[in-house]
1. Scan the stretch 65-84 residue by residue and report those that are modelled with pLDDT under 90 and more than 16 Å from Y38 (Cα to Cα).
2. Out of all the residues in the stretch 54-64, is one or more surrounded by fewer than 15 Cβ atoms within 10 Å (Cβ to Cβ) and at pLDDT 80 or above?
3. Would you say A32 is within 19 Å of the chain's Cα centre (by Cα) and not in a helix (DSSP H, G or I)?
4. For the stretch 35-45, name all the residues that are within 17 Å of the chain's Cα centre (by Cα) and in a loop (DSSP other than H, G, I, E, B).
5. Of K12, K3, which residue is loosely packed, with under 11 Cβ neighbours inside 10 Å and either within 20 Å of the chain's Cα centre (by Cα) or closer than 16 Å to R62 by Cα (or both)?
6. Which number in (1) without any contact (Cβ under 8 Å) to a residue 12 or more places away in the chain; (2) out of contact with any strand residue (DSSP E or B) (no Cβ under 8 Å at 6 or more places or on another chain) marks the one condition that K12 misses?
Amino acid sequence: MVKHLRVDREEKYEIVEKWFLKDLEMIDGKEADTDNPYFDMHFQKVYNLEAYSCASKYTFARTLSKLNETYLKKDLKIVNFDDTYLNDDSIWSSNNRDCLVLMRICFYASNLLCLSLCPLS
């Protein structure tokens, strides 16, 4: 866990606590259908955490999932997250998913606008 500090114009990051991935039992995103940065990490104790943004919360969960698949291959529960944004096989799959989602939505919206302005003959 890292604590962000701002002293005058200088930003500092301080490591507050460390855990082992093998000890992580579950990640709870709290509410899958709302845009919030809060989540819980369940070890022997439950830690209530806040990410910088909802996008960074999902990026963190994807990273932990991928690390678990690569190195531990244990059953890591990830609950109350939207699976569409967690799985690599989803339509939004990319290394830069959060930006990609926004780009695709804008692309589809512009296509719909162009189609709606075209006269039907």
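1. We begin by selecting, within the stretch 65-84, every residue modelled with pLDDT under 90; these are 82-84.
Listed by number, the residues that qualify are D83, T84.
2. Applying the first criterion (surrounded by fewer than 15 Cβ atoms within 10 Å (Cβ to Cβ)) to the stretch 54-64 yields 56, 63.
From the residues that got through so far, the ones that are at pLDDT 80 or above too are 56, 63.
Yes; the residues of the stretch 54-64 include at least one that is surrounded by fewer than 15 Cβ atoms within 10 Å (Cβ to Cβ) and at pLDDT 80 or above.
3. Values: within 19 Å of the chain's Cα centre (by Cα): yes; not in a helix (DSSP H, G or I): yes.
So A32 passes the test.
4. Those that are within 17 Å of the chain's Cα centre (by Cα) and in a loop (DSSP other than H, G, I, E, B): D35, N36, P37.
5. On the way: K12 fails: either within 20 Å of the chain's Cα centre (by Cα) or closer than 16 Å to R62 by Cα (or both).
Only one candidate qualifies: K3.
6. The failed condition is (2).
The values are calculated or read from the model by the stated rules, or taken from the named source; none is laboratory data. What you see is a predicted model, and the numbers here were worked out from it, not measured in a lab. Reconstructed Cβ throughout: ideal geometry from the backbone, glycine too, with neighbour counts over all protein chains shown.
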